[in-house]
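Engineer: If you scroll down you'll find the structure; I have some questions about it.
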Amino acid sequence: MRIAIVKLSAMGDIVHAMIVLQFIKKFNDKISIDWFVEERFENLLKFNPNINKLHLVNFKDARKNKSILAVLRDLYKLRNHDIYDLVIDMQGLLKSAIISKLLPSKQIIGFDKFSSRERIASNFYKRSFNCPYETNVILRNLALIEFALGFIVEKQEIYNKLPFMYSNAKDLGFNLKKSKKNILLIPGASHPSKRYPAESFAKLVHLLDANYHIIWGSTEEELLAKEIKNRAPNVEICPKLSIEELIYLISKLDLVIGPDTGPTHIAWALNIPSIALYGATPGYRNSLETQFNKIIESDSIVNPNKIDKNDYSIKNIEVENIVSKARVLLTLGN
């Protein structure tokens with residue numbers, strides 16, 4: 001059986017979707033899996049042994065250069081390739097539905113119009129699946145695959161999952177210590193309302209003795225990292241990391257603390273202890289708590305279908321609450 005998964009972006013969403021791979025192979029290791037993803041996220045998936053072939057699209061540059069037709073022409077060439085038994089659109093957007101429709105296949109499956117962010121996408125599928133959008137995203141992704149392939153994943157199997165992020169990066173000389181716990185702080189996120197304040201991160205550093213590292217991915221995030229270091233000089237700011245280097249670093253840590261963003265979710269995927277902080281976005285939907293992965297949400301009432309980017313309630317999460325959970329997680333890691 002030959003299937004194609006279409007999940008184009010973004011980093012955290014792709015990580016949430018990748019969990020399905022090991023369970024597809026557990027169900028039937030003879031299934032051949034291709035994955036379609038935007039080029040900038042190639043290295044999230046590149047080294048995953050459960051993917052037979054990775055296909056790259058470049059919608060971001062296409063929009064910038066007004067050349068979406070060129071992307072579609074490239075995808076249309078795939079119609080001359082072998083037919084997929086099944087194409088599964090895990091994105092639920094118009095662009096992913098169009099790609100799914102262009103692929104040569106016997107059947108296309110995706111979320112129905114009541115379950116997708118863009119209802120029009122469901123018109124491109126032969127079979128559609130109903131799963132409320134507000135359902136936990138990890139359980140939702142698995143439910144779609146269960147529907148498509150006809151098997152069931154028990155929740156305990158999810159808790160016992162194998163780490164599913166892979167990298168061929170080498171140690172860049174990260175100053176990781178054996179005498180102290182190594183903690184990663186993530187000040188950045190896709191929108192300011194999702195970010196935990198720099199001064200609160202600095203307070204955390206002063207309250208919990210550990211070897212701290214900070215990552216950043218943009219000039220704005222680098223400034224946030226420097227603000228934390230100005231307030232807590234003993235933290236170490238990492239150089240700008242590639243996706244492969246980020247995966248490698250997180251795999252070596254004792255704890256990751258960050259908002260609703262890709263690197264925080266990578267920790268979950270790697271079975272590395274983490275604390276995910278939520279304000280404007282729904283923690284109950286975007287993370288799945290385990291023994292080693294915890295969520296702290298603000299008191300804000302969040303609508304998962306319409307995020308309020310003026311909701312800065314994440315800043316109200318008490319540092320002491322984070323420290324308390326961190327101490328427990330660091331003890332479990334012994």
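The values are calculated or read from the model by the stated rules, or taken from the named source; none is laboratory data. Because the structure is predicted, anything quoted here is derived from the model rather than measured. Cβ sites come from the backbone with ideal geometry, for glycine too, and all protein chains shown count toward neighbours.
Engineer: Is there a residue being crowded, with 23+ Cβ neighbours inside 10 Å and either farther than 30 Å from Gln156 by Cα or modelled with pLDDT of 95 or more (or both) anywhere in the stretch 298-314?
Structural biologist: yes
Engineer: Still on this structure, please answer the following. Mind listing whichever residues of the stretch 101-138 are in contact with a strand residue (DSSP E or B) (Cβ under 6 Å, 6 or more places away or on another chain), in a loop (DSSP other than H, G, I, E, B) and farther than 19 Å from Arg285 by Cα?
Structural biologist: Scanning the stretch 101-138 gives Leu103, Gln107, Tyr125, Lys126.
Engineer: A follow-up question, please. Output the residue which, of all residues in the stretch 203-229 that are crowded, with 20+ Cβ neighbours inside 10 Å and under 24 Å from Lys309 (Cα atoms), is farthest from the chain's Cα centre (by Cα).
Structural biologist: Of everything passing the filter in the stretch 203-229, Ile228 is farthest from the chain's Cα centre (by Cα).
Engineer: Test of understanding: among Ala232, Ala267, which residue is touching a helix residue (DSSP H, G or I) at 6+ places or on another chain (Cβ under 8 Å), under 25 Å from Val137 (Cα atoms) and among the hydrophobic types (A, V, I, L, M, F, W, C)?
Structural biologist: One residue alone meets the criteria, Ala267.
Engineer: I would also like to ask the following. Filter the stretch 114-148 down to the residues that are closer than 21 Å to Ala4 by Cβ and polar (S, T, N, Q) and list them by number.
Structural biologist: Matches in the stretch 114-148: Ser115, Ser116, Ser122, Asn123, Ser128, Asn141.
Engineer: Go through (1) touching a strand residue (DSSP E or B) at 6+ places or on another chain (Cβ under 9 Å); (2) crowded, with 18+ Cβ neighbours inside 10 Å; (3) modelled with pLDDT of 95 or more; (4) among the polar types (S, T, N, Q) one by one and return the number of the condition Asn141 breaks.
Structural biologist: (1)
Here is a yes/no grid of residues against (1) surrounded by fewer than 22 Cβ atoms within 10 Å (Cβ to Cβ); (2) assigned to a loop (DSSP other than H, G, I, E, B):
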| site | (1), (2) |
| --- | --- |
| Leu8 | no, yes |
| Asp13 | yes, no |
| His16 | no, no |
| Leu21 | yes, no |
| Trp35 | no, no |
| Arg40 | yes, no |
| Leu44 | no, no |
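Engineer: Among the helices (runs of 4 or more DSSP H) confined wholly to the stretch 222-331, which include 3 or more residues that are among the hydrophobic types (A, V, I, L, M, F, W, C)?
Structural biologist: Correct list: 243-251, 262-269.
Engineer: Can you report the number of residues in the stretch 273-300 which are under 23 Å from Ile250 (Cα atoms) and acidic (Asp, Glu)?
Structural biologist: 2
Engineer: Are there any pairs with C-beta distances below 6 angstrom linking a residue in the stretch 226-251 that is within 10 Å of Phe174 (Cα to Cα) to a residue that is part of a loop (DSSP other than H, G, I, E, B), with the two at least 6 apart or on different chains, and if so which?
Structural biologist: Glu236/Asn175; Cys238/Ile215; Leu249/Phe174
Engineer: Whether any residue in the stretch 174-192 is part of a helix (DSSP H, G or I) and more than 19 Å from Ser251 (Cα to Cα) is what I want to check.
Structural biologist: Yes - at least one qualifying residue is present in the stretch 174-192.
Engineer: What are the residues in the stretch 264-274 that are in contact with a strand residue (DSSP E or B) (Cβ under 7 Å, 6 or more places away or on another chain) and either crowded, with 24+ Cβ neighbours inside 10 Å or not β-branched (Val, Ile, Thr) (or both), if any?
Structural biologist: Of everything in the stretch 264-274, those that are in contact with a strand residue (DSSP E or B) (Cβ under 7 Å, 6 or more places away or on another chain) and either crowded, with 24+ Cβ neighbours inside 10 Å or not β-branched (Val, Ile, Thr) (or both) turn out to be Thr264, Ala267, Trp268, Pro273, Ser274.
Engineer: Among the residues of the stretch 144-160, is there at least one that is surrounded by 13 or more Cβ atoms within 10 Å (Cβ to Cβ), of a type in the set (Ser, Thr, Tyr) and closer than 30 Å to Lys252 by Cβ?
Structural biologist: yes
Engineer: Could you give me the residue pairs with C-beta distances under 9 Å whose first residue belongs to the stretch 34-49 and is closer than 22 Å to Asp85 by Cα and in contact (Cβ under 8 Å) with a residue 40 or more places away in the chain, whose second residue is part of a strand (DSSP E or B) and among the basic types (Lys, Arg) wherever it lies, and which are 6+ apart or on separate chains?
Structural biologist: Asp34/Arg2; Asp34/Lys53
Engineer: When the stretch 302-326 is examined, which residues are found to be β-branched (Val, Ile, Thr) and under 18 Å from Pro187 (Cα atoms)?
Structural biologist: Ile314, Ile317, Val319, Ile322, Val323
Engineer: Determine which member of the set Ile120, Ile83, Ile88 is in contact with a Pro (Cβ under 7 Å, 6 or more places away or on another chain) and not hydroxyl-bearing (Ser, Thr, Tyr).
Structural biologist: Step by step, each of Ile120, Ile83, Ile88 is checked, and only Ile83 is in contact with a Pro (Cβ under 7 Å, 6 or more places away or on another chain) and not hydroxyl-bearing (Ser, Thr, Tyr).
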